[in-house]
Amino acid sequence: MKTDLRVLAYNYIKDKILNNEYTSNQIISEKMISDELSISKTPVKEAFLYLESENFVVINPRKSVSVREVDLKLIKDIFQVRVRIEPLIVELTINSMNKEKLTKSLLDFKKKFTKMSGMKNVDNNEFDKLYDNYRYFFADNCGNLFFSEQMNLVYDHLHRIRKVLYGNAARRLEALEEHIYIINCILDNSTIEFVKELCEKHIEEAQMDFFKNLDNLNI
């Protein structure tokens, strides 16, 4: 039960951080969380320790807890990992996943991407949900436990950064088209090298767009 309450507190706090309900540098108290969840402070304290290890919060010297700031270094670190590992997990998924299941999943994503790309106005929340599912799909099916865990954490941070920066709709539509093309290349059995190059190019374009929106961070 104790562990379950820690998980409850962890998921509750993390969800609010990811969706920018708890903003950068905001102080979060154990009492506030324990009151909101009607639990003791102990599982909340345990949740804070785990969230600190994932760089979502900072436990300050006087034991106050604040939300980790979204800054330029965090963004650069995220994209440095993405550009190195993301193309690799796409390759691992292609090589290790059952071909029939892979094809079915990719066709489903393609259908949803195509439908969304035809909309005049793309809903940010719907885009984020679909886009997150697509990325987590490759992380969860790459066949490597350590890559999977690391990239899921990276994508969690990426989700939060997007919420803070509010990427423009035009770039979102471009991203949809890029992924449709990547999916088509995978389904057409293009070389792994070419698919990985496309992934790298997409990540570089996404990073450039993030940097265009840095004014929202007041850096």
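Computed from the coordinates by the stated procedures, all read-outs in this text should not be read as laboratory data. All values derive from a computational prediction rather than experimental measurement. Cβ atoms come from the backbone with ideal geometry, glycine included; neighbour counts cover every protein chain shown.
Test of understanding: ordering Thr23, Thr93 by Cβ neighbours within 10 Å, fewest first, what list do you get?
Starting with the residue having the fewest Cβ neighbours, the order is Thr23, Thr93.
Would you mind working out the magnitude of the charge dipole of the chain relative to its Cα centre, with +1 at each Lys and Arg C-beta and -1 at each Asp and Glu C-beta, to the nearest 20 Debye?
The calculated dipole for the chain is roughly 400 debye.
Summing Lys, Arg as +1 and Asp, Glu as -1, what charge do residues with Cβ under 9 Å from the Cβ of Ala139 carry, Ala139 excluded?
That works out to -2.
Can you return the lysines within cross-link range of Lys101? Criterion is Cα-Cα under 24 Å, with same-chain partners fewer than 8 residues away left out.
Lys110, Lys111, Lys112, Lys115, Lys129, Lys196
Given H placed 1.01 Å from N in the peptide plane, which residues other than close sequence neighbours of Val57 have an amide H under 5 Å from its amide H?
Hits under the 5 Å cutoff: Glu52, Arg68.
Please give the net charge around Ser66, taking every other residue with its beta carbon less than 14 angstrom from that of Ser66, where Lys and Arg add +1 and Asp and Glu add -1.
0
Relative to the longest principal Cα axis of the chain, at what angle does helix 2-18 sit, 0 to 90 degrees, rounded to 10?
Around 60 degrees separate the two axes.
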